[in-house]
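J.: What follows is a single structure, and I will ask about it in a moment.
Every number here is computed from the coordinates shown, using simple stated rules; none is lab data. In this text the structure is predicted, and so the values were computed from the model without any measurement. Heads up, the Cβs are rebuilt from the backbone with ideal geometry, glycines too, and the neighbour counts pull from every protein chain shown.
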Amino acid sequence: MKYCQGPKCHEYRTKDRIRGPKGDKHYETRKRTYLFDLFCDNRCWADWMTLHGKRAVDHFGRIHKPKRTDASGAWYKTYDWNARSNNQTHDHFFVNDLLGERRPITEQQYDDENYTTPN
């Protein structure tokens, strides 16, 4: 079974956690269905992060210097939705907020995952 990894999941008093026959009722950890199939809800994820988050970051690598993205790597695709008359269209663009540029592209270029920067 896949159970929630929240350390206090079994302590939360909700009706869907009640298990057992009459006379032996108890609260039980839920099955996990949330956040990468590890937790049952946001509360249990927050409990886990409070208990283990600092150790996890220290183990997998704490960032000591800010990361940077230069203007040449700051392009992203976006679109504007337009409703002109009865036609609904999308205008597609490459945008670079650092350079203050916006370049039109086709819908095919927008859908192409290999097309990541404008010419």
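J.: So what is the relative contact order for the chain, in percent, with contacts set as C-alpha pairs under 8 Å and at least six apart?
T.: Relative contact order, the chain: 16 percent.
J.: At R0 = 35 Å, how high is the FRET efficiency between SER72 and ASP111 if r is their beta carbon distance? Nearest 0.05 is fine.
T.: With a Förster radius of 35 Å, E is 0.90.
J.: Run the simple label-point estimate for LEU38 and LEU51 please: 7 Å along Cα→C-beta, distance reported in nm.
T.: With each label point 7 Å from Cα toward Cβ, the separation is 1.3 nm.
J.: In vacuum, with every alpha carbon of the stretch 32-99 counted as one equal point scatterer, what does the Debye formula give for log10 I(q)/I(0) at q = 0.15, 0.29 Å⁻¹? Two decimals, please.
T.: Normalising to I(0) and taking log10 leaves -0.83, -1.20.
J.: Using the Kirkwood radius over Cα pairs, work out the Stokes-Einstein diffusion coefficient for the stretch 71-111 at 10 °C and 1.306 mPa s, in µm²/s as a whole number.
T.: Result for D is 144 µm²/s.
J.: Taking Cα centroids, how far is the stretch 18-37 from the stretch 61-82 in Å?
T.: 42 Å
J.: Which lysines have a Cα lying under 16 Å from the Cα of LYS15, excluding residues fewer than 8 positions away in the same chain?
T.: Cross-link targets: LYS25, LYS31.
J.: Now a separate question. At 20 °C and 1.002 mPa s, grab the translational diffusion coefficient of the chain from Stokes-Einstein with a Kirkwood Rh over Cα pairs, rounded to a whole number in µm² per second.
T.: 110 µm²/s
J.: Give me the compactness ratio for the stretch 1-65, meaning the Cα radius of gyration over 2.2 N^0.38 Å.
T.: 1.38
J.: Which length gain, in nm to one decimal place, applies between HIS64 and ASP24 when the Cα-Cα distance is subtracted from 0.36 nm times their residue separation?
T.: 9.2 nm
J.: Can you give the angle from 0 to 90° between the axis of helix 42-60 and the longest principal axis of the chain, with both taken from C-alpha atoms, to the nearest 10?
T.: Long axis of 42-60 versus the principal axis of the chain: about 70 degrees.
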